[in-house]
Amino acid sequence: MSKHVTAPALAVDVRELLQQPGAHKHVVLRSVLPDLATPVASVPAGSPVTVDAELESVVEGLLVTGKVGATVALRCVRCLRDVDHELEVDVRELFGGSGSGSASLGPRDEEDEGYAVLADDRLPLDTMVRDAVVLAFPQFPLCRPDCAGLCPECGADRNLADCGHGVPGATDPRWAALAGLRQALEEEDVARPEA
């Protein structure tokens, strides 16, 4: 984990929440977060992420409940076509306090650093948003459920045109022996009288 610290892009002043247990506050934030990407999905550079959440002061710290939304660029794993997708993720996270109002509730370890109130009583939501968005990216995105993909012989996009390869019903010669065995077993089942 990098020790390089940057100012949070999505931060909320929570001083009044820390001083009043049971208090709550509704926030809507929009900001650009760089480097939200996996090999097949990303939030495009310059595209904002939106947080619409309710912050509530609880005994353990601050509870954040709401939604995170972003426009995501996906690459279809079958045909490699780029498609945009609107992503909306439900979030519910507990932030331990380390600000002036709750000094005893600091992060438990280095892993929790992004889930704690800053010393200036601001709540950074960047880590929560990154975790929620990247974990919501599909592992195997498709441009559509019935995507035919690329031809393994010529590389043509089978969604656009039929290249003539991969004739339906053609058997791969490597499976010919098993096809013969299957046919023999089916014939044997037909010839066997039912009990």
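The values are calculated or read from the model by the stated rules, or taken from the named source; none is laboratory data. This structure is a prediction, so every number in the text was calculated from the model and none was measured. Glycine also receives a Cβ, built like all others from the backbone with ideal geometry; neighbour counts cover every protein chain displayed. All accessible areas refer to the heavy atoms of the entire protein, side chains included, with ligands and DNA or RNA removed. Shrake-Rupley method; radii C 1.70, N 1.55, O 1.52, S 1.80 Å.
What residue, among those in region 38-48 that are among the aliphatic types (A, V, I, L, M) and in contact (Cβ under 8 Å) with a residue 24 or more places away in the chain, is farthest from L62 (Cα to Cα)?
V40
Quick one: in region 87-117, of everything that is modelled with pLDDT of 95 or more and of a type in the set (D, E), which residue is most open to solvent (accessible area, probe 1.4 Å)?
E88
Within region 38-45, is even one residue open to solvent by less than 80 Å² (accessible area, probe 1.4 Å), part of a strand (DSSP E or B) and either at pLDDT 90 or above or within 24 Å of L123 (Cα to Cα) (or both)?
Applying the first criterion (open to solvent by less than 80 Å² (accessible area, probe 1.4 Å)) to region 38-45 yields 38, 40-44.
Still in the running and part of a strand (DSSP E or B): 41-42.
Checking the rest, the ones that are also either at pLDDT 90 or above or within 24 Å of L123 (Cα to Cα) (or both) come to 41-42.
So far as region 38-45 goes, yes, one or more of its residues are open to solvent by less than 80 Å² (accessible area, probe 1.4 Å), part of a strand (DSSP E or B) and either at pLDDT 90 or above or within 24 Å of L123 (Cα to Cα) (or both).
Go through region 48-65 residue by residue and tally those that are surrounded by fewer than 20 Cβ atoms within 10 Å (Cβ to Cβ) and in contact with a Lys or Arg (Cβ under 9 Å, 6 or more places away or on another chain).
Total meeting the criteria: 7.
Any residue in region 10-37 that's within 25 Å of P141 (Cβ to Cβ) and in a strand (DSSP E or B): show its pairings with residues that are of a type in the set (D, E) and at pLDDT 85 or above at Cβ separation under 9 Å, as long as the two are six or more apart or on different chains.
These pairs meet every condition: S31/D126.
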